[in-house]
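This report refers to the structure that appears directly beneath it.
What follows draws every value from the coordinates through simple rules; no lab data is involved. No experiment lies behind these values; they were computed from the predicted model shown. Heads up, the Cβs are rebuilt from the backbone with ideal geometry, glycines too, and the neighbour counts pull from every protein chain shown.
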Amino acid sequence: MALVDLIDAERAPLLVAHLYENGDPGPIASALAQVPELCEVALPFLGASLGPGATGVRLKELVILRTSARLECRYCVAAHTAVALDVGLGLDEVHALRDDDDLDAAFADPRERALLAWIDAVATGRGPVPAGVTAAMRERFDDHEIVELTNCIGVTMLLNRFCTALDLPVGASVAERLTSEGFDIR
């Protein structure tokens with residue numbers, strides 16, 4: 001049970017009623033609907049930050065799932081385990097991103113390994129990112145990619161705290177799917 005009432009279509013304020021035109025918009029939008037003025041600016045920002053971009057869907061999902069696992073967001077780990085599988089990440093990669101298996105064994109590509117070290121440093125560290133981690137990113141990514149991926153980490157962190165603090169529920173269909181595929185719903 002979520003900490004706050006998740007707004008349904010019948011009670012949706014006029015400003016956000018369009019979000020319900022195709023059914024339930026999900027727990028994040030349903031929680032944000034409590035404050036329509038915030039919802040109307042937050043959802044496009046979240047979509048731009050986490051959606052398609054110059055870095056591609058694979059790298060974005062590495063960021064989102066790894067950040068969510070490191071910050072222990074049950075909702076985001078479950079939701080993005082399903083998304084990661086849907087966009088083509090392998091089972092071994094998904095398990096490793098979730099800290100269920102060895103990250104080094106699942107990811108051999110030096111570019112992805114640099115990104116994973118960057119994610120861990122940004123999402124869980126304090127102060128400046130270690131020089132070696134920064135150097136590896138600069139060697140393998142262009143500036144615009146570093147900005148996009150770092151923004152994705154930061155926005156994921158924001159959502160992780162939002163979803164965890166409000167105890168947003170994992171959808172039954174996602175929970176059933178992940179359980180059937182052998183994943184723990186944290």
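On a full-extension model of 0.36 nm per residue, what is the gain between Thr179 and Leu158, subtracting their alpha-carbon distance, rounded to one decimal in nm?
Separation in residues times 0.36 nm, less the Cα-Cα distance, equals 4.9 nm.
With unit charges on the beta carbons (Lys and Arg positive, Asp and Glu negative) and the dipole taken about the Cα centre of the chain, which residue among Gly23, Leu3, Pro110 sits farthest to the positive side? Toward the positive end, the furthest listed residue is Pro110. Per-residue ellipticity at 222 nm from helix content only, as computed over the chain with -39500 (n - 2.57) for each DSSP H run of at least four residues, stands at -19000 deg cm²/dmol.
Work out, step by step, the length gained on full extension between Phe45 and Val129: first 0.36 nm times the residue separation, then minus their alpha carbon distance; give nm to one decimal.
Length gained, Phe45 through Val129: 27.7 nm.
Across the range 143-155, coupling constants 3J(HN,Hα) worked out from phi with the 6.51/-1.76/1.60 Karplus curve, θ = phi - 60°, read 4, 5, 5, 4, 4, 4, 5, 5, 4, 4, 4, x, 5 Hz, and Gly and Pro carry x. Scalar couplings 3J(HN,Hα) for the range 70-85, obtained by applying the Karplus form with A = 6.51, B = -1.76, C = 1.60 to θ = phi - 60°, are 5, 8, 6, 8, 4, 4, 5, 4, 5, 4, 8, 5, 5, 5, 4, 5 Hz; x denotes Gly and Pro. Only one residue of Phe141, Val155, Val94 has its Cα farthest out toward the positive end of the dipole of the range 89-186, where Lys and Arg carry +1 and Asp and Glu -1 on Cβ, and that residue is Val155. A cysteine counts as unpartnered when no other cysteine's C-beta lies under 4.7 Å of its own; in the chain this applies to Cys39, Cys152, Cys163. In the range 31-120, which GluC sites (Glu not before Pro) are in a loop and have at most 16 other Cβ atoms within 10 Å, using DSSP for the loop call? Taking the range 31-120 and a limit of 16 other Cβ atoms within 10 Å, the loop GluC sites (Glu not before Pro) found are Glu72.
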